[in-house]
């Protein structure tokens, strides 16, 4: 499988920030930005693999600067590293004040996507070739992020095994019942 350059998977989306997209502080809803991030990230992964992709993880979304009503928001993504069937996508969010031209990095994110075939089975993806300083740095640090991702995933699986699917599990919890009894006795 022939390697592809990071730039071949680059997606850039720019949008206005409108009042319905903002919270009570007049800044872009985090959830709205997260939807933009997942959207452009999946487009980069699809462009790189030329297959359907599924989101395997969102490692982080770091909100660094607020995005305000007077701003446009540019969400840029590209594949920075690949495994056998997975692609790590970096997403950079740039806010630009439309009246002053001032630009700032507002958020960054790393997501992992897996390419799948028509039976939803993972399939191999091409390796990636970084070119720019930014791409090289992100590519070099990818094994470290992958290690953290594996550790966090195992911890999440262990925690999920502990969790209940019963929506009333807190009422059945013996510790909770004991605490409630103690509180009632003190009252």
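The values are calculated or read from the model by the stated rules, or taken from the named source; none is laboratory data. Keep in mind the model is a prediction, meaning the values are calculated, not measured. Cβ placement follows ideal geometry from the backbone for every residue including glycine, while neighbour counts extend to all protein chains displayed.
Structural remarks
- Residue list for region 60-96, restricted to those being touching a helix residue (DSSP H, G or I) at 6+ places or on another chain (Cβ under 7 Å) and farther than 30 Å from residue 24 by Cα: 78, 79, 80, 81, 87, 88, 89
- Residue within region 156-174 that is in contact with a helix residue (DSSP H, G or I) (Cβ under 8 Å, 6 or more places away or on another chain), in the same structural domain as residue 27 (by TED's automatic domain parsing) and over 30 Å from residue 17 (Cβ atoms) present: no
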